[in-house]
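If you scroll down you'll find the structure; I have some questions about it.
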Amino acid sequence: SVLVPGAPILFYESSGGGGRKGIVAVGRVTESHVLTSDQVSSDTKRRGVLDSKTLKNIGRSKTKLVTAFDNIMAFKKPVSLHRLREIGCADGANFITAKRFEPHHMRIIVHEGLKNG
């Protein structure tokens, strides 16, 4: 119910593997489908972020939310988890799952992410 076509999508990079522990980009959802790993087309897998093995093993459910997006804008300055907590839009889940933001949070995040470092 969060990742519906037309909705903005924020990309959070965790600190694992040298990540920046913050929101690093914004885009727009174009499609969203709940599918099993076997139902994901080869074209979607080819264009996807996750390889087939990772897609199959991610999460506990047999079904996965497959989301397509466009209009990606990388942030000049990632919006840190610390800052997200300061503005009241980060909870204990630390963006492990989809989360809906209020419009005023989106404005702050996009403004801070796109301004020069």
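Is there a residue being in contact with a helix residue (DSSP H, G or I) (Cβ under 7 Å, 6 or more places away or on another chain), open to solvent by less than 80 Å² (accessible area, probe 1.4 Å), more than 21 Å from residue 107 (Cα to Cα) and assigned to a strand (DSSP E or B) anywhere in the stretch 21-29?
No: zero hits.
Kindly check whether there is at least one residue in the stretch 74-82 that is modelled with pLDDT under 90, among the small types (Gly, Ala, Ser) and either within 15 Å of residue 109 (Cβ to Cβ) or out of contact with any Gly (no Cβ under 8 Å at 6 or more places or on another chain) (or both).
No.
Of the conditions (1) open to solvent by 60 Å² or more (accessible area, probe 1.4 Å); (2) touching a residue at least 60 places away in the same chain (Cβ under 8 Å); (3) at negative phi, residue 52 clears all except one; give me its number.
Tallying (1) open to solvent by 60 Å² or more (accessible area, probe 1.4 Å); (2) touching a residue at least 60 places away in the same chain (Cβ under 8 Å); (3) at negative phi, residue 52 fails exactly one: (2).
For the stretch 1-46, how many residues meet the condition of being closer than 13 Å to residue 67 by Cα and under 12 Å from the mean Cα position of the chain (by Cα)?
10
The values are calculated or read from the model by the stated rules, or taken from the named source; none is laboratory data. Given the structure is predicted, the values throughout are model-derived calculations rather than measurements. Counting neighbours? That spans all protein chains shown, and the Cβs are built from the backbone with ideal geometry, glycine included. Ligands, DNA and RNA are stripped out before the accessible areas are found, and what is left, the full protein with its side chains, is counted by its heavy atoms. Shrake-Rupley method; radii C 1.70, N 1.55, O 1.52, S 1.80 Å.
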